[in-house]
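One structure below.
The numbers here are math on the coordinates, done by the rules we state, and not lab data. Note that the coordinates shown come from a computational prediction; the quantities given were computed from them, not determined experimentally. When we count neighbours, we look across all protein chains shown, and the Cβ atoms used for this are built from the backbone with ideal geometry, even at glycine.
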Amino acid sequence: MTPGAVVLQGRSIHPGSAQGEALVSRMGISFFGGVDPETGTVVEKGHDLEGQRISGKVLVFPTGKGSTVGSYTLYRMKKTGTAPAAILNEECEPITAVGCILAGIPCVDRLPLDRIRPGDFLRIDGTAGRVESGNPGTGIP
């Protein structure tokens, strides 16, 4: 652990490790129809991340929504290099969980997402269900 870092403990949905900048939404995300799998851009009209790319980011959102095809969309995104590095949820529903498992994306839920800010640098240990802020003094309060 980085000296001065803050750690949040959640539940492992899919193991693995990742790190990157937090892209935070307070809205649910549908990967089928809400995200362009070719570009990794959120295309859902009115979404708080509309127009932003999720590729390579630690995607933080409360829960998934939409069609079960969203699981396969995450898998497709992983294969084309447009997937998020990791996914953090308050409550991971089956569509997102299956997508992360198929695509090999680290996923942790049961986290207090209000403690993660956009732009925080995060390290994810999906096996232990642990999220560490890499921004001592400016990361997770």
| said: Please list, in order, the residues from the range 64-92 whose amide nitrogen is less than 15 Å from a point placed 7 Å along the Cα→Cβ vector of residue 48. | reply: 64, 88-91
| query | Which of the cysteines in the chain are isolated, no other cysteine C-beta under 4.7 Å? | reply | 92
| field | Note, ³J(HN,Hα) from phi for the range 82-92, Karplus 6.51, -1.76, 1.60, rounded to Hz, x at Gly and Pro | value | 10, 7, x, 5, 7, 10, 10, 10, 6, 9, 7
| query | If one takes the longest principal axis of the Cα atoms in the chain, at what angle in degrees, from 0 to 90 and to the nearest 10, does the Cα axis of helix 69-80 lie? | reply | 70 degrees
| query | Which of the lysines could a cross-linker span from residue 45 if the Cα-Cα distance has to be under 16 Å and same-chain partners fewer than 8 positions apart are dropped? | reply | 65
| field | Net dipole in debye of the range 31-117 [+1 Lys, Arg Cβ; -1 Asp, Glu Cβ; about Cα centre; nearest 20] | value | 280 debye
| In the calculated pair distance distribution of the chain, what percentage of Cα-Cα distances lie above 17 Å? | 53 percent
| field | Between helix 94-103 and the chain: long-axis angle, C-alpha atoms, 0 to 90°, nearest 10 | value | 80 degrees
